[in-house]
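Worksheet: the structure to be examined is printed underneath.
Every number in this text was worked out from the coordinates using simple rules, so none of it is lab data. What you see is a predicted model; the values in this text were computed from it and never measured. Using ideal geometry, Cβ is built from the backbone for each residue, glycine included, and neighbour counts are taken over all protein chains shown.
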Amino acid sequence: MSNLAVYIHWPFCKSKCPYCDFNSHVREQIEQDRWQKALLRELEYMHGYTPDFTVNSIFFGGGTPSLMPTATVEALIFRVQQLWQTTNDIEITLEANPTSVEIEKFIEFKAAGVNRVSLGVQSLRDTELKFLGRGHSAKEAITAIETARKIFDRYSFDLIYARPNQSLQDWDEELSEALQLAGGHLSLYQLTIEENTAFHHAYAKGGFIMPNDELSEALYLLTEEKMTRQGFTAYEVSNYAKTGQESRHNLSYWNGTSYIGIGAGAHGRIQLGKERIATQTLKSPERWLENVEKNGHALEIWQEVPQEMEIEERLMMGLRLKEGINYQKFIERTGYDLREYINLEKRNFYIKQGLLANDSDNLKTTIKGRLLLNKLTAELL
């Protein structure tokens, strides 16, 4: 039986961060009982299409899923284990913000079945946290990490770097502090300006200046060198882990295995026989809730992924990974030989430029190539 990852989206936050383009919303009141019942109902609906899969990971994302009632988290985990066969080492991750209210719930989340937390720290500097619109202090972040370390066998936290006015020395010092707190996994993202965010509007008006390409590259190379020296591998462009500590759930996305999305605005990709199905639910929390209560689901997209789109997705996702794309595995998973669809002249050019590495079995990006991933993908196709 094929493995299946289950993503559960909680779309609510206390406030909207200025850099965030995720499907997150601020609401004064949430009818918790209705939301629990609706999430369970959509979960059961999706099981109807995937009864023979084996679930190897559950991921509560958002939004801020640590604001969910513990009872809802527990009910969803229990229902997954009732509906599907699950692996003995199933990974159950919950994203959390490092505020005192959420830290107090860590023990309850573990009792509910969560065995891995991912903390949205973003910075260990109070001035930067204020700039990023975060609702916690550096001290709270450190407390949350230390608490997670005591309660969970596996934990990770996120940091955002390449921020305005951040020097190489600034980041070197902050990353050193983060490594003192880290377990087996760190997610390190360069700040990007996404459309329709508060930062997008502020940046367009000259509210702040982003690091230039030269500094961004230097920051990335510093990160790579420093993490490698501490025993972390960049198994994906922005994710670093010690051996065996990789996020199994996120690897489902990058490796192209099946996953279902539950909750407002959640995406899914399901391999049903020879067809790869793309799914997406309604983004509006209110419309999602109404449709699930009426129809048992809130899917607005259920369609077979066209061949060209599947190749593009698999190429982009595969090149994010350190090991890249194995040509034979690509054929086995998709039925297509990638070498027949990419521009071999461009491939060879970028190999000579030191942006791609290639042998008879694999195609992958180099460290510098990862900085130009979108450009490489577009030109290879």
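With r defined as the distance between the Cβ atoms of Val101 and Ile151 and R0 fixed at 25 Å, what FRET efficiency is calculated, to the nearest 0.05? After rounding, the FRET efficiency stands at 0.95.
Let me know the charge dipole size of the chain about its Cα centre in debye, to the nearest 20, where only the beta-carbon of Lys, Arg (+1) and Asp, Glu (-1) is charged.
Dipole size: approximately 180 debye.
When both bridge partners sit in the chain, DSSP labels roughly 40% of those beta bridges antiparallel. Among the GluC sites (Glu not before Pro) within segment 79-127, those in coil by DSSP and having at most 16 neighbouring Cβ atoms inside 10 Å are Glu104. Can you list which of the trypsin sites (Lys or Arg not before Pro) found in segment 247-312 are DSSP loop residues with at most 13 other C-beta atoms within 10 Å? In loop regions of segment 247-312 (DSSP not H, G, I, E or B), the sparsely surrounded trypsin sites (Lys or Arg not before Pro) are Lys274. Share of pairwise Cα-Cα distances greater than 22 Å in segment 140-259 is 44 percent (whole percent). Using a Förster distance of 22 Å, how high is the FRET efficiency between Glu44 and His267, based on the Cβ-Cβ distance and rounded to 0.05? That gives a FRET efficiency of 0.70.
Placing a pseudo-label 7 Å from each Cα along the Cα-to-Cβ vector at Arg339 and Asn358 gives an inter-label distance of 1.0 nm. Taking a spot 7 Å from the Cα of Asn255 along the direction of its beta carbon, which residues of segment 41-60 have an amide N less than 20 Å from it? Residues passing the 20 Å test: 50-60.
Length available on full extension from Thr366 to Lys274: 0.36 nm per residue minus the Cα-Cα distance, which gives 29.9 nm. Separation of segment 279-319 from segment 190-208 is 27 Å, based on Cα centroids. When Met46, Met309 are sorted by how many other C-beta atoms sit within 10 angstrom of their C-beta, beginning with the fewest, the order is Met309, Met46.
Dipole check for segment 26-180: with +1 at the C-beta of Lys and Arg, -1 at the C-beta of Asp and Glu, and the Cα centre as origin, the magnitude is about 300 Debye. Neighbour counting of Cβ atoms within 10 Å sorts the residues Glu308, Glu140, fewest neighbours leading, into Glu308, Glu140. Panel order for Arg229, Arg79, by other beta carbons found within 10 Å of each beta carbon, from fewest to most: Arg229, Arg79. Straightening the chain between Ser2 and Glu217 buys 73.5 nm, computed as 0.36 nm per residue apart minus the Cα-Cα spacing. Label positions at Asp21 and Thr228, each projected 7 Å from the Cα along the C-beta direction, are separated by 3.0 nm. For segment 226-376, the relative contact order comes to 16 percent (Cα pairs under 8 Å, sequence separation of at least 6). With 21 Å as the limit, the listed pairs Lys130/Lys368; Lys274/Lys322; Lys283/Lys322; Lys322/Lys368; Lys14/Lys283; Lys150/Lys322 have Lys130/Lys368; Lys274/Lys322; Lys283/Lys322; Lys150/Lys322 beyond it between alpha carbons. When the GluC sites (Glu not before Pro) in segment 162-244 are filtered for DSSP coil states and for at most 16 other beta-carbon atoms within 10 Å of their beta-carbon, the remaining sites are Glu194, Glu195.
For the chain, the relative contact order is 15 percent, taking Cα pairs closer than 8 Å that sit 6 or more residues apart in sequence and dividing their mean separation by the residue count. Between Asp89 and Gln328, the FRET efficiency estimated from the beta carbon spacing at R0 = 22 angstrom works out to 0.25.
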